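Scroll down for the structure; my scribbles are underneath it.
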Amino acid sequence: MEEAIRTCVAGRTPGPVLRKLLWSHLGLGLLMLVSPHARATDAGPSVQDFIHATWTARDGVLPDTWAIAQTGDGWLWFAGPNGLTRFDGLSFEKVEVVTPGSKLSNSIRTLYATHSGSLLIGHQAGGVSILEGGKLTHFDTEQTRRADGVVTFAQGPDGVIWAAATNGLMRFDGKLWQAIGSEWNIPVGRASAALVDAHGTLWVTTENEVWRLPRNGARFERLVTVCQEPAEVIQSPDGRSWNVCTNGAHLLPGQGDPILRDPSVNWRMSYAALFDQHGNYWSAWPFTGAVRSPEPSVRNVSSLGNVKTMLQDRDGSIWVGDQNAVIHRLRRPPIARIPTSPRDAFGGTPWTSFAADRSGNIWMALSGSGRGTTDLDGVWKLSSGRIQRVQAGLIRSATAVARDRDDRIWIGGRQGLWRLEGGERFVRAIDLPDIALGQYVLAITFDCAQGVWASISGTGLQRYDGAKWHRNGNVEELPAAAPRGQTCDSAGRLWLGYGDGTLARVGDGRATIFSGLQGLQVGPISAISAARSVLVAGERGLAVLVDGKFHTLRAGIPAFEGVTGIIESRNGDVWLHGGAGLAHIKAGEIERAVSSSTFEVPVELFDGSDGFPMPAFTPVGLQFTSPVEADDGRIWFAGAGGIASIHPSQARLQTTPGPLVIRSLTASGHSFDLVPGMTLPKGTRNLEIAYTALNYSHPDRMRFRYRLDGLDTAWVIAGTRRQALYTNLGPGSYSFRVNVTLENGQWSDSSSSLVFMIPPTFVQSRVFLALCVAAGLGLTFLLYRVRVRQLTARERLRMEERMAERVRIARELHDTLLQGTQSLILTVQTAAGAIPEKDPIRQKLDLALDRADAVMAEGRDRIQDLRVTADAHTDLLASIADVGSVLASGTRTTFNVQVEGAPRELTHAVRSEAYRIGREALLNAFRHAEARAIEVQVIYGDQDFRLRVRDDGQGIGSAALEAGAKPGHWGLRGMRERAQTIGASIDVWTRPQAGTEIELIVPAKAAYGPLSPHRPWWRAWRSKSARR
């Protein structure tokens, strides 16, 4: 770049023009200017070849865009008289920067993305705002000291902000704004532009002058400029600064050595003119007069409307804002279309076959296949960007082109096969067999035995051995049908694919057939590659051969459908030509997919949005050799829209996703500021979270998944949807995470997250839950108490009825059996009294009377037992006392009963057995102890119930104690057996002449039941705790 770019006004002629320069007056058209020493191909794609996308008011674009910026987080910002919006590649979102009652104008004149990632906003009136981390900070005109109507921002390497405004130049050090004037050797007044260049020099334009402030300087220097009205200052890629005005762009004087500029210069702020990263110059400045070029033939014009500002983003796309609510994006295509002649490079031709020679020329065989394009049929050569027909009158209806193992080019047509012998001269090398005359040669392949294999329509596969043709090469195992795909591997073996989905490998005169038995399940085969690995494409996908078995490959995007051509380039990359466009698989990815057993490969897809001449060919029953690799590494291919190529350097697989952003959180209709660890209102149940990923090239290819930790157990696949909805959420801590696919269909390793908490309401709190549990337990306890009382009352009633029946039986026995027996005894005794005492009969009667008395005594005891047992079921203590009192009457033994603890109701079984054991102990004591005092002690304890019978008699002998009873007596053994039936135990203490103590111990649970009706629950709990 030697001098300025100038329009020719008032007879002035422009000086030398920038090499590789693009002048685009976007209001009137686009013009490419090229140095006389540069070839046309050096200029890159023409303006018309740029991929042009637009967004309008329907997408959320505000009318009249004045400023554009891209912040460090990736967001694109657009501003104008109607406010501020941000864009994620898919939709525009309005951002409110002015609150009601604010002095700031909603009209925004300029934007600037700072080095720290914040966004500077210059209002039309009222001052400046800074948007950082979602927070807005406003500086009114008093704080900014007259910085009203800011036109341009600039930031130095020290972080200082410079603002060129209608009132003059301002400086902001991060704390205070300072008005710049005479103390800096610059006049106070309107400042038109400001720029800090790659050297750290500050350039400022005023109404008629250009000023320069060296890095770390304190005084400006005035420069001479050729601009009549100095406007913007911009940088070229070599770091030099240019002054742009209505009469052109001029190199500013007094600059240092060229230095590569910071690429972020182009996306921090938009300009009316800029140099893109390739050195092309774009301008939206209106001009008058004629625009001249040393080579007018390269002029290309394209109208975009009334443009106000432009920006180049970090991906290299040019964004253009106009005043008609339209945003334009011009993206340099990775795919290059060949020059649009003849007839737009065969657009619409259904049959295109390629081969590349060692000189870098591309040879093409074109055939209309009977579709009316016969004027283009034949052989064409692409060399140095020019297309020309070769031997048009000799070779008609060329249908196949191939390169043999000696690097010679072959052409197949209806009459035979031609071979290139030098330059552009083809000679007829082989005639077709008689049965194939007039048919189409679909494909040509060469084996290592110098054999020529040709697939011919209507005839099938033929092999020429140097003398004649042989059907299927005399290989008997081959099908009769013509193959739909064929290729030859490095060993000279032929690979053939057929419409029935089978694959044949031919070598040494024999064929090996692969089918579904070997895992080949891609459907009718359409393309084969056998350069390094064997890849087979069909209607249902792509498969690779590994150790004699095929494995179907998968991709995250639909790139393996309708594949019509496969090549494996010299660097190991795989290129697939198919219905979706051109797919690229990086070298080694297929091997990694096979070794990991996932069989999923990352794929980069180039479609119409990348310059692919869509739609792609998807014919049925025909063969193609597209794509093909030229010796310079460029990949050539064809679509219905023409012929194009791509260089591998343009294939850049995306390894990191665009920035993932959680845009908003809405709960119950209210939007909340996104703050890490945020707390939502109590009782929040419904939630909507909006998210996005910034992608300005292919936003439609992005797929999302999300999960809410604390609720979801797995990722939720959202597809293209960019919001998550949740209902019926409960209280707790949550972490929302969102993940996105790369453009190759693989899920990225990074994700964006938002942590928030929903506090519980009172009814959701643990206190309320504890109260509910306590209330439930209390209710259960009350119900249990009621049930126990019911069961106890029912059991008492049943026992009372049983005891009443016993009393009735005892009374009946007394009134009938005993009284009758007593009468009988008296009668017998009277009769015996009349017999002499020494009479044997009298002796027998006396003996019988003694036995009768014993029986009467035993009967009275049993009747008494029935009566007392019945009483014992109602009052154990009274029953024991009655037994003791009866036994003590008529003796010198004193009897006493003591009670410890509050009496409680015993279970029926315990009352009954305790009475029987106590009665037996008393009977033994009164009959055998010869005691002076006998005492009964009843203890109602919390842990157990105890009944003690103690005497001061002669004790129990050791033999009787060990036997458990005296011979013929019930004794201790019976007591213990009765105790065991109620889960109790018997302790016996005895000493000779000291007495005996028998103690019945019944655990509280057995004695009182699980919970005595008269025993408070807290006492039971306290007792249980004490035992622990």
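Can you give the net charge of the other residues whose Cβ lies under 10 Å from the Cβ of W66, counting K and R as +1 and D and E as -1?
Working: positive: R109, K308; negative: D64.
After counting each charged neighbour, the total is +1.
With a sphere of radius 12 Å drawn around the Cβ of S751, what net charge do the other residues whose Cβ falls strictly inside it have (Lys, Arg +1; Asp, Glu -1)?
Numbers: positive: R705, R707, R737; negative: D709, D749.
Net local charge, S751 excluded: +1.
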Practice item. Report the calculated FRET efficiency for T137 and F672 (r = Cβ-Cβ distance, R0 = 25 Å), to the nearest 0.05. Key: 0.75
Review point. If you plug each phi of the stretch 197-211 into the Karplus form 6.51 cos²θ - 1.76 cosθ + 1.60 with θ = phi - 60°, what whole-Hz ³J(HN,Hα) values come out, in order, with x for Gly and Pro?
Key: 8, 5, 8, x, 7, 9, 10, 10, 10, 10, 4, 10, 9, 10, 10
Practice item. Name the shape class, rounded, prolate or oblate, that the alpha-carbon gyration tensor gives for the stretch 500-558, where a ≥ b ≥ c are the square roots of its eigenvalues, rounded holds for a/c under 1.5, and otherwise prolate holds if a/b is larger than b/c and oblate otherwise. Key: prolate
Point to revise | Straight-distance crosslink candidates among aspartates and glutamates, where the alpha carbon sits under 19 Å from K844 and sequence neighbours closer than 8 are dropped | key: D853
Review point. Could you give the nm distance between label points at S91 and D404, where each point is 7 Å from its Cα heading toward the beta carbon?
Key: 6.3
Point to revise | Angstrom value of the Kirkwood radius, inverse mean 1/r, which spans all Cα pairs in the stretch 337-648 | key: 19.4
Exercise for review: Mind checking the full-extension length gain between E800 and R721? Use 0.36 nm per residue of separation minus the Cα-Cα distance, one decimal, nm.
Suggested key: 20.6 nm
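Every read-out reported here was derived from the displayed coordinates using simple, explicitly stated rules and does not represent laboratory data. Treat the numbers as computed from the prediction; the structure is a model and nothing was measured. When we count neighbours, we look across all protein chains shown, and the Cβ atoms used for this are built from the backbone with ideal geometry, even at glycine.
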